[in-house]
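Each remark here refers to the structure printed beneath this line.
The values are calculated or read from the model by the stated rules, or taken from the named source; none is laboratory data. None of the values given here were measured: they were computed from a predicted structure. Here the Cβ positions follow ideal geometry from the backbone for every residue, glycine too, while neighbour counts run over all protein chains shown. In case anyone asks, the SASA skips ligands and DNA or RNA and just uses the protein heavy atoms, side chains included. Shrake-Rupley method; radii C 1.70, N 1.55, O 1.52, S 1.80 Å.
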Amino acid sequence: MDTPMDSPKDTLTDASTDIPTDISMDIPMDTGAPVAVVRPRHGRRRASGALEGEVLAVLQQAAGPLTPREVQSGLAGELTYSTVVTILSRLHGKEVLSRTPRGRAYAYAPVADEAGLAARRMRKVLDGSADREAVLTRFVSELPPSDAAVLRSLFTSAFPPAR
């Protein structure tokens with residue numbers, strides 16, 4: 001008789017809840033016919049980029065650069081050391097973190113605060129566009145009035161009218 005442990009198993013995500021599930025074939029003793037059984041997996045899958053965000057938050061709250069082990073302990077031990085190292089390496093590759101040697105490891109620090117990182121992302125999107133004017137026009141036209149007022153004030157203070 002097949003049991004869930006030795007029956008074929010597939011994985012899917014329940015569309016209504018986005019919870020990963022395991023599907024296995026059980027053969028109940030009373031009917032002897034195979035029945036598909038869907039069981040929710042323990043734990044939820046994080047959204048894309050969530051791990052990077054969690055690691056970055058630990059680094060931004062720190063007083064200085066942290067090693068992967070220090071970052072791992074700041075995450076309450078949820079992630080393995082190698083996962084933390086991979087995330088840090090990817091963030092460094094994206095030029096979000098700087099790193100300096102510390103003993104046998106590197107110590108990582110954000111290259112900018114949260115607002116600075118958001119500005120860098122916006123600039124990269126703009127730099128990747130063939131028509132910068134169209135992107136800026138669309139961006140400004142979709143701003144809420146309060147953000148438009150802030151932007152207007154920033155431009156006025158940064159570029160005062162010529163006298």
Being more than 20 Å from residue 104 (Cα to Cα) and not aliphatic (A, V, I, L, M) is the filter here; which residues of the stretch 61-73 pass it? 61
Scan the stretch 78-85 and tell me whether some residue there is assigned to a helix (DSSP H, G or I), of a type in the set (Phe, Trp, Tyr), open to solvent by 50 Å² or more (accessible area, probe 1.4 Å) and touching a helix residue (DSSP H, G or I) at 6+ places or on another chain (Cβ under 7 Å). yes
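What is the residue count in the stretch 89-129 for residues that are assigned to a strand (DSSP E or B) and surrounded by 12 or more Cβ atoms within 10 Å (Cβ to Cβ)? Lay out the reasoning, then the answer.
Restricting attention to the stretch 89-129, the residues satisfying the condition of being assigned to a strand (DSSP E or B) are 97-102, 105-110.
Add one more test, that the residue is surrounded by 12 or more Cβ atoms within 10 Å (Cβ to Cβ), and what stays is 97-99, 102, 105-110.
So the answer is 10.
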Within the stretch 57-77, the count of residues that are assigned to a loop (DSSP other than H, G, I, E, B), open to solvent by 80 Å² or more (accessible area, probe 1.4 Å) and under 20 Å from residue 115 (Cα atoms) comes to 1
Test residue 132 against the stated conditions and say whether it is in contact with a Ser or Thr (Cβ under 9 Å, 6 or more places away or on another chain), modelled with pLDDT of 90 or more, of a type outside the set (S, T, N, Q) and surrounded by fewer than 14 Cβ atoms within 10 Å (Cβ to Cβ). no
